[in-house]
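Any read-out appearing in this document is the output of simple, stated calculations on the displayed coordinates, not a laboratory observation. All values derive from a computational prediction rather than experimental measurement. Quick reminder, even Gly has a Cβ in these numbers, built from the backbone with ideal geometry, and neighbours come from all protein chains shown.
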Amino acid sequence: MDPILDISAKTPSALETKIGRRKFLKIITAAAASIGLSGSAVVQMVEAADLGLKPSVIWLHFQECTGCTESLLRTAHPELASLILDLISLDYHETLAAAAGHQIEKSLHDTMAAQKGKYVLVVEGSIPEKDGGIYCKIAGRTALEILNEVAADAAAIIALGSCASFGGLPASGPNPTGATGAPMILKDKTVVTIPGCPANPYNFLGVVLQFVTLGTLPALDDKGRPLFAYARTIHEDCPRRPHFDAGRFVQQFGDEDHRLGHCLYKMGCKGPATHANCSIKHFCEVPGAWPIGIGHPCIGCTEKELAFQVPIHTTVDIERATPPDTYPPIHADHGGVSPVATAVGGAVVGVALGAAWKQAKKLDGEGPDSTDKKEE
Amino acid sequence: MARTRRAFLKGLAYAGGTAAVSAVPAVASEPRKAPDDAVGMLYDTTRCIGCKACVVACHEANDLPPDTRGDVLYDAPQSLNDRTKNIIKLYQEDGRRSYMKQQCMHCIDPACVGACMIGALQKREHGIVTWDSDRCIGCRYCQVACPYNVPKFEWEEANPRIIKCELCNHRLAEGKEPACCEVCPRDAVIYGKYDELLAEAKKRMVDHPGRYVDKIYGEHDGGGTQVLYLSHVPFEKLGLPELGDEAVPKLNRTIQHGVYKGMIAPAALYVAMGAVMLRNRRKGDQGDES
Amino acid sequence: MSEHKATPVGGSLMTPSTRILLFVFMVGAALTVWRFAVGLGPSTGLSDGYPWGLWIAFDVVTGTALACGGYAMALLVYIFNKGKYHPLVRPALLTSALGYSVAAIGIIIDVGRPWFIWRIPISVGKWNLDSALLEVALCVMAYVMVLWIELSPAFLEKWQDSGNTGLASFSRGLSKFMDKALIWFIALGMLLPTMHQSSLGSVIMLAGPRLHTLWHTPWLPFLYLISCIAMGYAVVVMESTLSSRAFGRQREDKMLASLSGVTSGILFLFVAVRFLDLFLRGRGPLLIGEGYYSVMFWLETVLFLAPAIMLAGSRGRARIGTMFRASMMIVVAGSLYRFDSYLVAFNPGPGWSYFPSVPEIVITLGLVAMEIMVFIMLVKSFPILSGTSPMPAHRK
C-alpha cells in the first residue's frame, strides 16, 4: 500500500492539532503557492499531511560551508524551519540535529534500515575523490563511501547547492582534493541538482514538496536541474534588461550608471549565460536581495563552466537572444513593385510601339518620294 | 573630298596621339594608401553579442530621430537608412550564427568620392569620408557608386541630405571616440589608428588560429577600407561583397584623366574639326560641294 | 537648291493634337509641383537600392541619346562634307535642342536640391575631375546652349523680316555675326556630345561591382558613343518621315537611305565590339548561363543586328517602310541598352526592386508631350523643315 496516496486514514496530524486546521491550511496553501503548485496539489498535500505521513529525509554534509542550509533557514513560506520539519521527518542533519557523535550515527543507520527505499537523500557539499577520498571523512568513513552507501536505497536524491551539483568552490582550480558533485559519483542514478551558491531555497522546497505530495520529481534538464527554476537565464528575466537593451552600462563600481542601477554586463555579469531564477525569486525574504539587485554582477554560480572558473569581471556571450531582441537579416526585404505602375508603364510602351508600327505599315503603302528624281 | 577626309583624320590622329601619350602615366598610377594619420575601426564578430548598444549610441551621438515609420517594431530599422547610420544585423544559417555591424567603410579610395561631381563627399581629416551639406545637390551618384550600399538619402524631406556614418568626427574633435566604439561592452568594435588596428587584427589571427576566416576584410578589398572586419563566418554571408583588390573608382579615373588630361585631347579635336570645317567651307565657296 | 530651302510649315498652332499634348503637359507639370512639395520618396518608386530610375535612365540618358540627331547630322554634313544632307540638319538640331532641354529639365526634377545646380558650372575650384558625372553635367549645360545657338539662324531668318524694326535690325546684325561665328559653335556642338555621350557610359561604369558583367566593360564609353550616333541617325529617319507625313512635305528618301547605310555599319561595329570584348574578358559562358540577364543581352543584340542586316543592302534602304521599321528597332535597341545598363543590369543586392511609380511615368510623359508640342509649334512658325512648297492645309 502506497502510504502517500492512501487517503483512507483521516486522523488530524500532530501539527494540525497544535495550530488549528485553518492555520494549517493557510500554511499548506502558502507553501504550495510559493512554488507554483496548483490548488489540487494543496488538497493532496493536506491529505498527505492528514495521514500524518512525513517522509524521512537524510541530509548529508560533505565539503560545504553550510550556506545552503543557512539559506533554507531564511525562508518564511512555509515559515519557520520547524514547519518544514513537520512536513518532513528530518532524520539526519548534522547542523540542525540536537544529537551528536555516536547517537546521530545510530540515527542514520536506523533510518536507513527502517525507511529503506523510502527516504529522500539530500546532499550538501562536494565529494573529494583524490587519494581515495580521504580529504573528507565523517565518523571514520570517507564521504565517497557514505554517499554510495546512503544513495543505494534512497527513493530520491537531491544535490543541494553548486558544490553538491558539480563541485562548486572546492572544485575551482587547482582542485587539490579532486572535489566533484554527487551526480558525477552516482552516475547510474537520477540526481536532482539545485545549483547555486547558495542555492535558492525555494527551488529546493519546490522539489521536496512536490515529491512529498505527488511522489514525483519535477521535469529536469540534462544536468538534472528542475526546469521550473533553471530553464531560463538570468538575462531573460533581469529587471535591468531595459538598460542592457538601451546600452546603458555601468563602467565602474560607484559611478553614475551604478547609482542609477544600470546594466552590469560590462562589469562581467554572467547573467546572459547563467541558468537560474534569482532574478524573479529573491533571497532572505527581502525583495531586491539578490546579487544584481544590490549592484554586483552575477557570477554565474549555478554554472559549472562559469562558477569559480571564469573571472568575475570577464564578459560572456549571450546564450539565447530572445525577445525583445530582434535583428534585421543581412539582406532585408524592401517591398515589391506596384502592379498598377507596371500596368501603366507597360501600356505606355505598348501604345508607343503600336503607334510606330502602324506608321510603318502606312509607309509601306506609299511609294518612293518623287523629289528624288529632281535631285541630280 | 579625299583631302578633307585626310585632314579630318590627321586632326583626329593628332588628338588621339596626344590623348594616348597623356593616358599612359594615368594607367600606370599607384594604388592609393591610407593617409598617415588615418583612423578606423576594427569589428570582430566573435566578440559581438548583438546587444545593439552601438545602434542606440550612434542615434544619440548623431541626433538622429527614432525610426517609427512603417508598421514594424518601434525603432527597429531593417537596414541603414536616413535615420540609421549604424546597424546590427543577424546572419543565421544551418546552426551558424553571426552578428554583423554595418556602417560606412571609410574606404581608402572611395567610389563615392570619385563619383561626387563637386566634392561634397571627400576624405577629410584622418581619412574619414564626410559629407558637406553646402555642396551637395542631391544627385545620388554616390549611392549608385558605393559597392557597400552605404550612403542613404532623405527621400521624404524637402531639403534632402545624404546620411551616413562619419566616424563621429564631431566627437573626435573633442578627444572622444566614436560613440559605437565607446559604448561597446565587449570591445567587439574598437577605434584606433588604422596601422595599429591592422596590426591588432593580424595579431588576433595569429593568436587564435582557426577562430577566424583566413582574411581581414578591408585590408585590400576594393583598394582597402579603414574599417576592418574579422569574422568567424564567410564574409559574403555577412553581406560584405567580394571586390578584388582594385579600387572601385580606379577605372573611371584612369579613363577620365587619361582622355581629358589638361583638356588637351578635346582641345585638339576641337581645333581639328574647326580646321576641317573651314577647309570645307572654302571648298564650298569655290563651288565644290557634293 | 530652292526645293531645299527651309520654310515654316504654317497653319494653326492650336490643333486637336497640340491640345492633347498641352493637356498631358499640364498634368505632368501639376505632378511636378506635387513632387517638390512631398519629396522624391512618396512621388517616385526610387529607393536607397535604386536611387536612379526612369528619370535618369530615360529622360536623361536615353533622351539625350535620342537627341543625338543634331550631333550625328553635324558630323556628316560638316566633317564629312556631305552637303546634300543639309536639309535634314535643322530639324535634327531642333529635335536635339528640345531633347536636351527636356533632359535638363528632367535633371532639375530628379535631383534632390536643384536650387544648387547653378553652383556646378561656377565652382571651378570645387570640381572633382575624377567624376564622369561632372563632365556630363558641364557638357550638357554647355551643349543645350550651343544647340539653341546652332538653331538660331532659323529664328533670325524669320525675325529679320519682322514687322518690328527693332527685332529686325537686331536679327540682321546678329545674323551677320552668326554667319562667321557659327562654325565654331558647330564644332563645339560636335565636341561636346562626343565627350558626354561617351561619359554617360563612364558614369554607370563606376557602379562596377554592382553592374552585371555582361554590361560592365571598359568599352562602355565607346559603346555608348557609337550607339548614340546610330540612334541619332535613326531618330532623324523617323522624325523626317513623320514630319513629312504630318506637314505634307516631300520626303527625302534617298538621303535617308544613304544615312541608313552608315547606320548599318555602326550597328555591326557595336555588336562586334561587344562580343569581342566579352570573349576577350573570358565571359563568353555568361551569354547563356545568366538567366534573365542573358535574355536581355540577346534581346539587345537581336534589336541591334536585325536593323543592321535590314539596312545593309540597298534593297532594304529603298523602301521607306523598311527604313522606318529598322530605325524604330535601333531606337528601341539603344534605349534598351541604356535602360539595361542603368537599371536592369544594376544590382544593389537582394531585397531591392524598382519600377517607376505612376506619377513618375506621367511626369515623363508630360515632358515628352511638351517636347513634341513645342516641336510642332516651332516647325510651324520658323523655317526649319525643307522640301518642296507646302501642301494645302488639309493635312495636319
Exercise for the section: Please give the helix B:250-260 orientation as an angle from the longest Cα principal axis of chain B, in degrees from 0 to 90, rounded to the nearest 10. Expected result: 20 degrees
Fill in the blank from the handout: note: the stretch C:46-147, Cα-Cα separations exceeding 24 Å make up a percent value of 33 percent
Completion exercise
Each residue of B:99-105 has, on average, a number of other protein chain C-beta atoms within 10 Å of its C-beta equal to 1
Practice task
Sort the stretch C:276-374 into rounded, prolate or oblate with this rule: let a ≥ b ≥ c be the square roots of the eigenvalues of the Cα gyration tensor; rounded if a/c is under 1.5, and if a/c is not under 1.5, prolate when a/b is larger than b/c, oblate otherwise.
Solution key: oblate
Completion exercise
Note: B:84-91 gets an average of partner chain Cβ contacts (10 Å, Cβ to Cβ) equal to 3
Practice task
Measure nothing fancy, just the Cα-based angle from helix C:320-339's long axis to the longest principal axis of chain C, in degrees from 0 to 90, nearest 10.
Solution key: 50 degrees
Problem - Distance in nm between pseudo-label sites at B:E93 and C:S169 (7 Å out along the Cβ direction from Cα) - result: 8.1 nm
Practice task
Using +1 at the Cβ of each Lys and Arg and -1 at the Cβ of each Asp and Glu in the protein assembly as shown, identify which of C:N164, A:N200, C:V273 lies farthest towards the dipole's positive end.
Solution key: C:N164
Handout entry: Degrees separating the helix B:264-285 axis from the principal Cα axis of chain B, which is the longest one
Key = 30 degrees
Exercise for the section: Work out the mean other chain Cβ neighbour count within 10 Å for the residues of B:148-156 and drop it here as an integer. Expected result: 5
Fill in the blank from the handout: The exposure ranking of B:V206, C:V344, A:V208, A:V337, fewest beta-carbon neighbours within 10 Å first, is B:V206, A:V337, C:V344, A:V208
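Please give the charge dipole size of the stretch B:128-197, origin at the Cα centre, charges +1 on K and R Cβ atoms and -1 on D and E Cβ atoms. Round to the nearest 20 debye.
Values: 9 positive and 12 negative charges, 37 e Å.
Charge dipole of the stretch B:128-197: 180 debye, to the nearest 20.
Looking at the stretch C:188-330, what % of the alpha carbon pairs are farther apart than 28 Å? Can you show the working numbers first?
Details: 2719 of 10153 pairs.
Taking all Cα-Cα pairs of the stretch C:188-330, the fraction more than 28 Å apart is 27 percent.
Where in the stretch C:1-104 are there trypsin sites (Lys or Arg not before Pro) that are in a DSSP coil and have at most 14 other Cβ atoms within 10 angstrom of their Cβ?
For trypsin sites (Lys or Arg not before Pro) across the stretch C:1-104 that sit outside H, G, I, E and B with at most 14 neighbouring Cβ atoms in 10 Å, the list reads C:K5.
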Practice task
Whole Å is fine, so just give me how far the alpha carbon centre of the stretch A:136-187 lies from that of the stretch B:45-96.
Solution key: 48 Å
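Shape call for the stretch B:182-245 from the C-alpha gyration tensor, a ≥ b ≥ c root eigenvalues: rounded (a/c under 1.5), prolate (a/b greater than b/c) or oblate?
Verdict is rounded for the stretch B:182-245.
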Problem - Length-normalised contact order of chain B in % [C-alpha pairs under 8 Å, at least 6 apart] - result: 30 percent
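Kirkwood Rh and Cα-based Rg: tell me the resulting Rg over Rh for the protein assembly as shown, rounded to two decimals. Write down the numbers at each step before the final one.
Values: Rg = 42.5 Å, Rh = 35.4 Å.
Rg/Rh: 1.20.
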Handout entry: Per-residue Cβ neighbour rank within 10 angstrom, fewest leading, A:H109, C:H196, A:H243
Key = A:H109, A:H243, C:H196
Handout entry: Protection proxy ranking, peptides C:10-16, B:181-187, average beta carbon neighbours within 10 Å, highest first
Key = B:181-187, C:10-16
Handout entry: Most fluctuating residue given options C:M370, C:M231, C:M26, as computed from a GNM of chain C linking Cα atoms under 10 Å
Key = C:M26
Handout entry: the stretch B:27-165: C-alpha gyration tensor shape, a/c 1.5 cut-off, then a/b vs b/c
Key = oblate
Fill in the blank from the handout: Rounded to whole angstrom, the alpha-carbon centroid of the stretch C:128-189 lies from that of the stretch C:229-287 at a distance of 28 Å
Problem - Computed helical MRE - 222 nm, chain C, DSSP H runs ≥ 4 contributing -39500 (n - 2.57), nearest 500 - result: -22500 deg cm²/dmol
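If R0 is 51 Å, what FRET efficiency do you get for C:I122 and C:L286 from their C-beta distance, rounded to 0.05? List each step's numbers first, then the result.
Details: r = 44 Å, r/R0 = 0.87.
For C:I122 and C:L286, the calculated efficiency is 0.70.
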Exercise for the section: Set the Förster distance to 41 Å, then compute FRET efficiency between A:E145 and A:F228 from the Cβ-Cβ distance, nearest 0.05. Expected result: 0.75
Exercise for the section: Compute the distance in nm between two label points, each set 7 Å from the Cα along the Cα-to-Cβ direction, one at C:S353 and one at C:F177. Expected result: 5.7 nm
Problem - Beta bridges by DSSP in the protein assembly as shown, antiparallel share as percent, to the nearest 5 - result: 55 percent
Practice task
Past 21 Å, Cα to Cα, is the threshold; run A:K137/A:K189; A:K54/A:K137; B:K89/B:K193; B:K89/B:K152 against it and keep the listed order.
Solution key: A:K137/A:K189; A:K54/A:K137; B:K89/B:K193
Practice task
For the stretch C:1-44 and the stretch A:88-108, compute the distance between their C-alpha centroids and round to whole Å.
Solution key: 106 Å
Problem - Whole-number percent relative contact order across the stretch A:145-224, with pairs defined as alpha carbons under 8 Å at least 6 apart - result: 28 percent
Fill in the blank from the handout: HN-Hα couplings for the stretch A:303-315 via Karplus (6.51, -1.76, 1.60; θ = phi - 60°), in whole Hz with x for Gly/Pro, come out as 9, 4, 6, 9, 4, 6, 10, 8, x, 4, 9, 8, 7
